[in-house]
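Take a look at the structure below.
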Amino acid sequence: MSRQLRVFLCHAREDQSIVNELYRDLKAENWIDPWLDKEKILPGQDWQTVIEQAVDEADVIIICLSHHSVFGDGYVQKEIRYAYDCALGKNEASIFLIPLRLDDIPSIPRRLHAYHWVDYFGAQKQNEYLKLLASLHLRYEQKIKQESLSASVGDAYSQQQTTPGENKQPVFVDRGSHIQTNLKLVDSKSKKKPKQIPEQQVEKEPAGKKTAYRFPLIAVGFILFSILCVVGLIALGHRLGKPKPIESPALTELPVTSEEPTAPPSTVNSSTPLTEKDGMTMIYIQAGESVLGSDQGDADEKPLQTIFLDEFWIDQTEITNKKYAMCVADNSCAPPSHFGSPNEKVYYGNDKYDDYPVVYVNWDMAKTYCQWAGRDLPTEFQWEKAARGVNGLVYPWGDKFNGVLLNYCDESCPNLNKADGHFNDANVNLAPVGYYLNGASAYDVLDMSGNVWEWVNDWYDVYPNGVSTASTEFGQKFHVIRGGSWQHNMYEARSSNRWYFSVASDALNDYTGFRCVRSQ
C-alpha cells in the first residue's frame, strides 16, 4: 500500500486539547495520515458531509471516549453510531474501531464492549500509546494484504518488473525495541479468498460435441422461451396495477423462510380509514397479550417477556410526503428540514414522490403531525405488537430473513459497509410506502421492517424487568426509533431491535420517518 494509513479521530469538542496532542503524535509517523476536523475541514465546506465522507474512507477509526463524549449530547454521538455502523460491514479479523479512553469513565457505550480499548491517560499513557501504534501497524499490514489480493495480474506483473530499490515501503519504528523493520508485500497466492456462496457446478461440454448438441439445444430453448412468454402474459394479467418488488432468484444456502405470515386474531373492521383529517388507512389491533423483547438480541432488548396491551389502531403505512404536506399547508406543521433525497434534489414537494415516506423530520415534528391528525406516536410496545403479531415473530413475515420482503441495505445499497450481496430488494434507496405487500405483518401492517426508521413515543429506557445497566444511554435523553431503514442491515431490521436519536437534530436525515396510532 503506497499511501498512508487513514486514521479518523472521533472526539467531543470539549476534548480538543488532548486530541490535538494525539493528532500531532500520529502525524509525526511517516506512515499515518490522521484526520481531525479542525485540521481538515476547509471554510465553506459542509462539515457534516465532509465528516461522513472521512469516516467512509478511513482505514481505522479511533473513538475518543471521555465523560464529555459518552454522557454528553452533541454530534459526537452521531459520529460514534455512524462509525459503529461502518464497522459492522468489516471483516471481523480486521482492526477498524479502536476505543481510546481519555479519562477514567465508569463504562463505555455498549456497542463498543467487544473492542479492546486504549487507556490514553495517567501514568500508563505513553505505554498505551505504543500499544496503539502497534495496533495501527497491524492494521496497515492487513490493508497491504487486502490490496495485494485485489490487485490485477497486470499490476502484479509490473511490480515484478520493478528494479531493485524502486519499490519502497514506509519504514515502521518499534519504539519499545527501537528496531526498524520494512513491510513486505505478501505473495497473493497464499491469501485466503473471502467466502462465497456455493454456485451450482455446470459440467463443461466436450469440445468435439458442440456441433452435435447445437440443434437440440436451440429447439429446446425456443420451446422453453415460448412457454415462459405465455406464462408471463398470464401472470401479468393477474398482477396488473399491483406494484411488486423484483425478486432475485432464491438462494437455498440462505435461511429464507417459506412460511406464510401467521393470521391475526379475529377482529372487527380490521382495516378502515379511521380519521378524516388525512385519510390514512388504519389497522385494528385488539386487546390482549403480546411478546416483547428478545433474549437473542442486544442487552437493551432483554428480557423476552409477555405483556398485556389495550386495543388500538395503527397506520397501515408510514406517513407520506403528500399527507405531511397537508399539515404544512394547514400551518400546523413545519416543513422537513431538507427537501432533497439521495437521488433527487426535490423529493418533498415533488409529485413523483407523493407516496414515499416523509423524511428529515425529528421527533417533535412527528409528534406534532400525529396530534394534528387526531392521533399520537405509537408506544414501543404498541409498535412491536403490530410488527410481531401475537406469536412474537423475529421479522414481520416470520422468523427467518428474506431480503426481497423489505427495503434494506441490499446489493445495490450505497452504504458499502453494510451492503448485502445476497439479495436485490428492487430499490436503491427510499421506496414508496406499501411497496412490499408480501412483507406485511400478521396484522397486515406494512413497512414495519426497512424503508425508514420510525419514531415512537417513548424515551430510550430500560424495559420492565430489564437491567438498568444494560445501556449508559438509558434515561430521558433520547427517543426510540424502530424498524431499520434502506441504509441498514438485516440485524437492525429485526422487530425487537431498538435504536435511538436525540429529540431535535440527530434524525434530520433521509432514513427516519414515522407513523401514528389511535388508542380507543
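A few comments on the model shown:
- The label-point distance for residue 468 and residue 27, in a model that sets each label 7 Å from Cα toward Cβ, rounds to 4.5 nm.
- Highest to lowest packing among 37-45, 25-33, 131-139, 361-369, scored as the average C-beta count within 10 Å: 361-369, 131-139, 25-33, 37-45
- Between the beta carbons of residue 134 and residue 277, assuming R0 = 56 Å, the FRET efficiency works out to 0.35 to the nearest 0.05.
- Long-range amide H partners of residue 94 with built H, under 5 Å: none
- In this structure the amide hydrogen of residue 457, modeled in the peptide plane, comes within under 5 Å of the amide hydrogens of 379, 380, none closer than 5 places in sequence on its chain.
- Cα centroids of the stretch 420-435 and the stretch 380-397: 21 Å apart.
- Evaluating 6.51 cos²θ - 1.76 cosθ + 1.60 at θ = phi - 60° for every residue in the stretch 349-357, the Karplus couplings come out as x, 9, 3, 4, 10, 4, 9, 9, x Hz, glycine and proline recorded as x.
- For the listed peptides 400-409, 305-314, 54-63, a ranking on the average number of other beta carbons within 10 Å per residue, highest first, reads 400-409, 54-63, 305-314.
- Listed residue pairs exceeding 27 Å between alpha carbons, taken from 125/477; 145/400; 78/418; 302/477; 323/477; 40/367: 125/477; 145/400; 323/477; 40/367
- Summarising the label geometry, the points placed 7 Å from Cα in the beta-carbon direction at residue 52 and residue 295 lie 3.9 nm from one another.
- Only the Cβ atoms of Lys and Arg (+1) and of Asp and Glu (-1) were treated as charged; on that basis the dipole of the stretch 20-75 about its Cα centre amounts to roughly 200 debye.
- Packing, as the average of other Cβ atoms within 10 Å across residues, places the peptides 121-127, 480-486, 326-332 in the order 480-486, 326-332, 121-127, highest first.
- Amide H contacts under 5 Å for residue 41, placed H, 5+ residues apart: none
- Projecting the Cα atoms of 408, 464, 445 onto the dipole axis of the stretch 384-492, where Lys and Arg carry +1 and Asp and Glu carry -1 at the beta carbon, places 464 farthest toward the positive end.
- Separation of alpha-carbon centers, the stretch 17-74 and the stretch 275-304, rounded to whole Å: 39
Computed from the coordinates by the stated procedures, all read-outs in this text should not be read as laboratory data. If you're wondering where the values come from, they're calculated on a predicted model, not measured in any experiment. All Cβ positions, even for glycine, are placed from backbone atoms using ideal geometry, and neighbour counts span all protein chains on display.
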